[in-house]
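In what follows, a structure is listed as structure tokens, so that the remarks can point back to it.
The values are calculated or read from the model by the stated rules, or taken from the named source; none is laboratory data. Small disclaimer: the values here were computed from a predicted structure and weren't measured. Reconstructed Cβ throughout: ideal geometry from the backbone, glycine too, with neighbour counts over all protein chains shown. SASA here: full protein model, heavy atoms, side chains in, ligands and nucleic acids out. Shrake-Rupley method; radii C 1.70, N 1.55, O 1.52, S 1.80 Å.
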Amino acid sequence: MSFISDFKKFLMKGDVVSLSTAVVIGAAFKSIVDSMVKDIITPIMGLITGGTDFTQKFIALDGKHYDSLAAATEAKAAVLTYGNLIQAVINFVIIGFFIFIFLRAYDKTKKKEAPVKEAPKGPTQEELLIEIRDELRKK
């Protein structure tokens, strides 16, 4: 087979198509989660923490004090923006929660398969041969 036909065969495998579909849906899902975090969760967290905006939390590594992250960035100071990490962790937990809810709802929509009952086992080949031998002896 040629390289192109092998590549086409690889792309048309069910797993690759499913994975690419999941990536596209995930990208679309990201905008929903971003809106949920920005418009709902962050204001609630701000209310709980007294108006704290995590994305503005930083530590200046040069030892100086800056009133805001923008001021530190303008002064070209090296900063650890630990607030962005906190926000990323919150986003991760929210995304995980939404995916859990989505998959749980999806599992409930799937038809439950009836358990497959095993067919009753018949005699083995040896048992049949023994029966045939015994019948032949009787005659």
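Among 92, 7, which is the only one that is under 30 Å from residue 103 (Cβ atoms) and part of a helix (DSSP H, G or I)?
Being under 30 Å from residue 103 (Cβ atoms) and part of a helix (DSSP H, G or I) holds for just one of 92, 7, which is 92.
Looking across the range 87-114, just one residue is modelled with pLDDT of 85 or more, surrounded by 10 or more Cβ atoms within 10 Å (Cβ to Cβ) and more than 13 Å from the chain's Cα centre (by Cα), and that is 89. Taking first residues from the range 56-74 that are assigned to a loop (DSSP other than H, G, I, E, B) and partners that are surrounded by fewer than 10 Cβ atoms within 10 Å (Cβ to Cβ) and of a type outside the set (Phe, Trp, Tyr), the Cβ contacts under 9 Å between residues at least 6 apart in sequence or on separate chains come to 61/78; 62/78.
Scanning the range 102-134 for residues that are over 30 Å from residue 26 (Cα atoms) and outside any loop (DSSP other than H, G, I, E, B) returns 125, 126, 127, 128, 129, 130, 131, 132, 133, 134.
Every residue, every condition in (1) closer than 20 Å to residue 36 by Cβ; (2) among the hydroxyl-bearing types (Ser, Thr, Tyr), yes or no:
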position: 52; (1), (2): yes, yes
position: 58; (1), (2): no, no
position: 62; (1), (2): no, no
position: 65; (1), (2): no, no
position: 72; (1), (2): no, no
position: 77; (1), (2): no, no
position: 81; (1), (2): no, yes
position: 84; (1), (2): yes, no
position: 88; (1), (2): yes, no
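Return a yes/no flag: does the range 41-54 have any residue that is over 30 Å from residue 25 (Cβ atoms) and among the charged types (D, E, K, R). Yes, the range 41-54 has at least one match. Condition first: open to solvent by less than 50 Å² (accessible area, probe 1.4 Å) and either touching a residue at least 60 places away in the same chain (Cβ under 8 Å) or under 22 Å from residue 100 (Cα atoms) (or both). Now tell me which residues in the range 29-52 satisfy that. The answer is 33, 37, 41, 42.
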